[in-house]
Amino acid sequence: MEVVYELKSVCKAFDKHVVYQDMSLVISAGETLTVIGGSGMGKSVCLKLMLGLLHAESGAVLFKGDEVSALDYHGQRELRRRVAMVFQGGALFDSMTIMENVGYALREHTSMSDSEIAERAWECLEMVGLGADRAILTRMPASLSGGMRKRVAIARSIAVRPEVIFYDEPTTGLDPSNIRRIDEMIRKLQRELGVTSVVVTHDMPTAFSVSDRIAMLYDRKFPFVGTPEDFKHHAVTEVRNFVQGRISDGAQR
């Protein structure tokens, strides 16, 4: 299977705080890999390293064989077109309409006309279940619910037809029905668009629902990587305690 991302012996620290020490991870084309681990351990740092927003002190972060940190301006720009990010809070522009938000990357990366951008924005909104009323294109983010804003953020991420989508805590702050909706959306887009997905979450029900494989961050690396079924029946105490604790937390929501 084609390797999309390979992280090899990565070391990353912020001053004296070591986040990764000799960390390695492989992500294959078309899979959904979920990164789990305790709060503040550096799960989101992994995404930022792969996007080139942060650089490792040593080791290599490769996207389809190319070292991310060595890309020039044009290479970085192309990487951001091929790899989309859905930020934890959605990161929509409050001063822009929904159409302008979804179409933002199209203006940055394509020569599409205003009418073409509007049609593509509408198409993406339909894919995330917001196509019942075309009037949503002219609405502002503040007028939408939290779940709807998350779906608009996902629509924006797929507008330029990326090969990879990163989801940073996609279900944080949502009620159970919206969590299920976002989980279904992640699976749907992977299936229909053939994208590779990397999901950072502390929510084990989401991890079990969307993942082909799960990677658990522990002791500054990913020593535990396997299928959801592997994690449900893992023999290692640290994994079992984390998984069972997070499932209990989810049951209390």
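The values are calculated or read from the model by the stated rules, or taken from the named source; none is laboratory data. Just so we're clear, the structure is a prediction, and the values are computed from it rather than from any experiment. All Cβ positions, glycine included, derive from the backbone under ideal geometry; neighbour counts span all protein chains shown.
General remarks:
- Just one of the listed residues (Met41, Met50) is under 28 Å from Pro228 (Cβ atoms) and assigned to a loop (DSSP other than H, G, I, E, B), namely Met41.
- Applying a threshold of 9 Å to beta carbon distances and a minimum spacing of six or more residues, or different chains, the list of pairs starting in the range 30-44 at a residue that is farther than 18 Å from Ser197 by Cβ and ending at one that is assigned to a loop (DSSP other than H, G, I, E, B) and among the charged types (D, E, K, R) reads Met41/Arg220; Gly42/Arg220.
- Tabulated pairs, the range 148-169, first within 13 Å of Gly103 (Cβ to Cβ), second of a type in the set (Val, Ile, Thr), C-beta under 6 angstrom, 6+ apart or interchain: Val152/Ile98; Ala155/Val102; Ala155/Val128; Arg156/Val102; Ser157/Val86; Ser157/Ile165; Ala159/Val102
- Hits in the range 74-130 (condition: of a type in the set (S, T, N, Q) and out of contact with any helix residue (DSSP H, G or I) (no Cβ under 7 Å at 6 or more places or on another chain)): Gln76, Gln88, Ser95, Thr110, Ser111, Ser113, Ser115
- All of (1) within 20 Å of Asn101 (Cα to Cα); (2) buried (at least 19 other Cβ atoms within 10 Å of the Cβ); (3) in contact with a helix residue (DSSP H, G or I) (Cβ under 7 Å, 6 or more places away or on another chain); (4) not aliphatic (A, V, I, L, M) hold for Ser197 with one exception: (1).
- All positions within the range 81-119 that are in a helix (DSSP H, G or I), within 24 Å of Lys48 (Cα to Cα) and not charged (D, E, K, R): Asn101, Val102, Tyr104, Ala105, Leu106, His109
- The residue list Met1, Met23, Met99 contains one member that is in contact with a Leu (Cβ under 8 Å, 6 or more places away or on another chain) and under 25 Å from Pro223 (Cα atoms), which is Met23.
- Single residue of Ala132, Ala159, Ala142 found to be over 24 Å from Arg191 (Cβ atoms) and of a type in the set (A, V, I, L, M): Ala142
- Here the condition is being in contact with a strand residue (DSSP E or B) (Cβ under 9 Å, 6 or more places away or on another chain), surrounded by fewer than 16 Cβ atoms within 10 Å (Cβ to Cβ), within 24 Å of Val160 (Cβ to Cβ) and among the hydroxyl-bearing types (Ser, Thr, Tyr); of Ser58, Ser9, Ser95, Ser69, it holds for Ser69 alone.
- Selection status of Phe63, under 27 Å from Phe231 (Cβ atoms) and of a type in the set (Phe, Trp, Tyr): yes
- Residue match in the range 239-248 (condition: assigned to a helix (DSSP H, G or I), touching a Phe, Trp or Tyr at 6+ places or on another chain (Cβ under 6 Å), closer than 26 Å to Leu49 by Cα and free of Cβ contacts under 8 Å to residues at least 24 places away in the same chain): yes
- Unmet criterion (only one of (1) touching a residue at least 40 places away in the same chain (Cβ under 8 Å); (2) closer than 21 Å to Ile182 by Cβ; (3) not polar (S, T, N, Q)) for Asp133: (1)
- Residues that are surrounded by 19 or more Cβ atoms within 10 Å (Cβ to Cβ), within 20 Å of Gly42 (Cα to Cα) and either of a type outside the set (Asp, Glu) or modelled with pLDDT under 90 (or both) do occur in the range 170-187, at least one of them.
- Hey, Val83 surrounded by 13 or more Cβ atoms within 10 Å (Cβ to Cβ) and touching a His at 6+ places or on another chain (Cβ under 9 Å) or not: no
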